[in-house]
Structure formats: C-alpha cells, structure tokens
C-alpha cells in the first residue's frame, strides 16, 4: 500500500472517530447543544445586520474556543469519573476549574457580541 493511500485511510478513520465524538457530545451534553444554538444565533444576527463583520468573526472565534474548552471539560470530567468514581474534594476542584475555563470563554463571546451590537 502506498503512502498516500495509507494517509487517506488514516484520515478517514480519524474522521469517523471525530464524527462519533460529536454525536456523543451533542446527544449527551446539553452545554454543547447550547453552544451550537449560539453559533446559529450569531450567524442570524450577522445576517440581520445587527453585528458587523469584525464582531462576527471575533464572536465565531470566541464560540469556537468555548466549544473546544467545553469538549476538553467534558473529556476531563468523564476521565475523572472513571479514575475516581466517588466524589472527592480534588475531583470537585478540578471540575470547578474546568467549568471556570468554559465560562471565561463565554464571557469573551458575550463581550464581543455586546461590542458588536453597541456599535
């Protein structure tokens, strides 16, 4: 099998794993669905002319970052639940810190959107 063929197969396999991960995330995590709603709302606000191009691009970057952090948060929480099924203070603190990371990225999104709307 040549190198290109192997790489194409590897990329297809990675795409299958990624699609499975998205399906699990959207089915089982309400926050992921809320972020998807924010994406559509942001696109709608841009189409309606409520925000300019620069604010739209900033908001998309912010919501993309929030989504990546939410995915990381979900993976971390599930890993901690497997490693330590009981509720320990250490696990609670780690989960709280990850939650803070998600909320921080959402605050950036809100700031960008507010700046875009106020313009």
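Only one of the listed residues (60, 97) is at pLDDT 90 or above, in contact with a helix residue (DSSP H, G or I) (Cβ under 9 Å, 6 or more places away or on another chain) and either at negative phi or surrounded by fewer than 16 Cβ atoms within 10 Å (Cβ to Cβ) (or both). That residue is 60. Does residue 115 count as surrounded by fewer than 16 Cβ atoms within 10 Å (Cβ to Cβ) and touching a helix residue (DSSP H, G or I) at 6+ places or on another chain (Cβ under 8 Å)? Answer is yes for this residue. For residue 44, indicate whether it is loosely packed, with under 15 Cβ neighbours inside 10 Å, on the phi > 0 side of the Ramachandran plot, free of Cβ contacts under 8 Å to residues at least 40 places away in the same chain and more than 14 Å from the chain's Cα centre (by Cα). No: the conditions fail for residue 44.
Within the stretch 20-33, being farther than 19 Å from residue 110 by Cα and surrounded by 10 or more Cβ atoms within 10 Å (Cβ to Cβ) holds for 20, 21, 22, 23, 24, 25, 26, 28, 29.
From the list 12, 36, the one residue that fits, being under 28 Å from residue 77 (Cα atoms) and surrounded by 13 or more Cβ atoms within 10 Å (Cβ to Cβ), is 36.
The values are calculated or read from the model by the stated rules, or taken from the named source; none is laboratory data. The structure presented is a predicted model; accordingly, all values stated were derived computationally and were not measured. For neighbour counting, all protein chains shown are included, and Cβ atoms are generated from backbone atoms with ideal geometry for every residue, glycine included.
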